[in-house]
Every structure is written in C-alpha cells, then in structure tokens.
Amino acid sequence: MPRQRVRHNRRAHPVPDDFPQRLEWFKHASGLSWAEIARRIGVAPITVRRWRKAGVRPNYRQLRALHELADSQGLLHLLVD
C-alpha cells in the first residue's frame, strides 16, 4: 500500500526586514534581558541570538509568542509595521 502524502500548509508570516533592529528596540523598551525574553516566549536563548545576529527568522509559533509578550508590555508597535 502506498504511503499517503501529507502536505504541510506553511503559513507565510510577516517578519519585517529590520526585525533584528526591532527586537533590539523591544528589549531596551521592555527592560528585559535576552534570557528573560527567551524564557517568556519558550525558546532557548541561542534562538533569540540567531534572530539577532544570524538573520534567522522566527517561525509562526515563536513570532506569535513574541507578539503576545510585546502586547502584554504595551510595546507591540515596536515589532509590527
């Protein structure tokens, strides 16, 4: 019996081109450390570093968690257009 193909619906999520800079703005405005930001959104600190330094983009779940954190701080406007 042939295997069934599973198609993953990859959602395109908007990440601004200047995302690393926006992340820096958020960090400074929130007063949180990079480790605390990582902990609150449920990722490893190295993941946040990769977003900042290596041009890696967060996936949908990570971006949503980051937006929820920013919204709870009243700083969502720093991350979105």
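Numbers at a glance
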{"item": "Listed values (i) 211; (ii) 120; (iii) 89, entry calculated as volume of the Cα convex hull per residue in Å³", "result": "(ii)"}
{"item": "Relative contact order for the chain, counting Cα pairs under 8 Å that sit 6 or more residues apart, in percent", "result": "36 percent"}
{"item": "Net charge contributed by nearby residues that have their C-beta within less than 12 Å of ALA35 (K/R +1, D/E -1)", "result": "+3"}
{"item": "For the chain, calculated [θ]222 nm from helices alone, where every DSSP H run of n ≥ 4 adds -39500 (n - 2.57)", "result": "-15500 deg cm²/dmol"}
{"item": "Percent carbon-and-sulfur accessible area, the chain, ignoring ligands, DNA and RNA, probe 1.4 Å", "result": "48 percent"}
{"item": "Rounded accessible area per residue of the chain, 1.4 Å, Å²", "result": "74 Å²"}
{"item": "Size of charge dipole - the chain - debye, nearest 20, with Cβ of Lys, Arg +1 and Asp, Glu -1, no other charges", "result": "680 debye"}
{"item": "Contour excess over end-to-end distance, with Cα ends at GLN21 and TYR60 and 0.36 nm allotted per residue", "result": "12.1 nm"}
{"item": "Extension gain (nm, one decimal) between GLU68 and LEU32, 0.36 nm per residue minus Cα-Cα", "result": "11.5 nm"}
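The values are calculated or read from the model by the stated rules, or taken from the named source; none is laboratory data. These numbers were taken from a predicted model, which means no experiment stands behind them. Virtual Cβ from ideal backbone geometry, glycine too; neighbours counted across all protein chains shown. Surface accessibility is based on the protein's heavy atoms, side chains included, excluding ligands, DNA and RNA. Shrake-Rupley method; radii C 1.70, N 1.55, O 1.52, S 1.80 Å.
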